[in-house]
1. What is the sum of charges, Lys and Arg at +1 and Asp and Glu at -1, for the other residues whose Cβ falls under 14 Å from the Cβ of Asp60?
2. If only Cα atoms are counted, what is the Rg of region 53-135, and what is its Dmax, in Å?
3. Return the subset of Lys69/Lys113; Lys55/Lys113; Lys214/Lys234 for which the Cα-Cα distance in this structure is over 22 Å, preserving the input order.
4. Computed over the Cα atoms of region 182-222, what is the ratio Rg over Rh, Rh following Kirkwood?
5. When only alpha-carbon atoms are used, what values of Rg and Dmax, in angstrom, describe region 55-94?
6. When a footprinting reagent is the concern and you count Cβ atoms within 10 Å, what order do Glu3, Glu122 take, fewest first?
Amino acid sequence: MTEWDIFANQTSMITAGYNRYYGGNILDMGLRDIRNSWTESVSGNKTLTRYQDLKTPYNDELAMGLQQKIGKNVIARANYVYREAHDQISKSSRTDSATKTTITEYNNDGKTKTHSFSLSFELAEPLHIRQVDINPQIVFSYIKSKGNLSLNNGYEESNTGDNQVVYNGNLVSYDSVPVADFNNPLKISLNMDFTHQPSGLVWANTLAWQEARKARIMLGKTNAQYISEYSDYKQYVDEKLDSSLTWDTRLSWTPQFLQQQNLTISADILNVLDSKTAVDTTNTGVATYASGRTFWLDVSMKF
């Protein structure tokens, strides 16, 4: 990552960088190849799964950022990240009618392009009210992805490498279908932290609003939207998920009389409002939801 101080006074900064990183449990895939090379069902139908000759998936990432000081105490940051994923693992299946064998082959045909934007405003120095430091921050973020692989699914549930699918009633190439279950059109987060230095208390809050978005479902033959004339193709439709508002809060205490022990006790309440937030839908159109109000207690000590 390269940083450029335009006026050499820390008021205007430009950053840019390029990264390539690899990821993917190829060893696990190899073990599956040995374990599942041939299986046979009670009915006599055979299943052959191949994981051979897989390459390690990798991502190329280009990042650019601008930091600007506004007035005496406001810092604005704008960031853009372009990420291109290569050799992602997907699968394709076919059935040999003569041997009644279903052959599933894993390959490196998956690919995804992602654009991420963020804009944030925060204070260079916190507000001081009596003995409390207040640190507000607001963040606007937008993510757009497009590819032929469902990013929320693991290898066993990845989309196939089919060339064509039915998407919202139209026969299209799979590459042209956006990755709906990874798109977060717009999210606005307000972070507000209160720190009382004498007692070691910190109260952190995040209020987040998520814009309405679409979720992808694969239609079963019993679904009313299933098109029988396209029965040879997998069929997908987009279902709308409503916008959501969530509030997470955390209260932590680092006793000043135990500073040498670095002891911290924290209590978290996630989804304080107990909002009913749909995060996905099934192939029958039934929504699945994020967790409701959740409580956590944490005690940590650093040595």
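1. Taking every Cβ under 14 Å from that of Asp60, the sum is +1.
2. Cα radius of gyration and Dmax of region 53-135 are 24.6, 82 Å respectively.
3. Among Lys69/Lys113; Lys55/Lys113; Lys214/Lys234, the Cα-Cα distance tops 22 Å for Lys69/Lys113.
4. On the way: Rg = 19.2 Å, Rh = 14.0 Å.
Ratio of gyration radius to Kirkwood radius for region 182-222: 1.38.
5. 18.8, 65
6. Ordered from fewest to most neighbouring Cβ atoms within 10 Å, Glu3, Glu122 come out as Glu3, Glu122.
No lab work stands behind these numbers, since they all come straight from the coordinates. Just so you know, these numbers come straight off a predicted model, no measurement behind them. Neighbour counts are summed over all protein chains in view; Cβ atoms, including those assigned to glycine, are modelled from backbone coordinates with ideal geometry.
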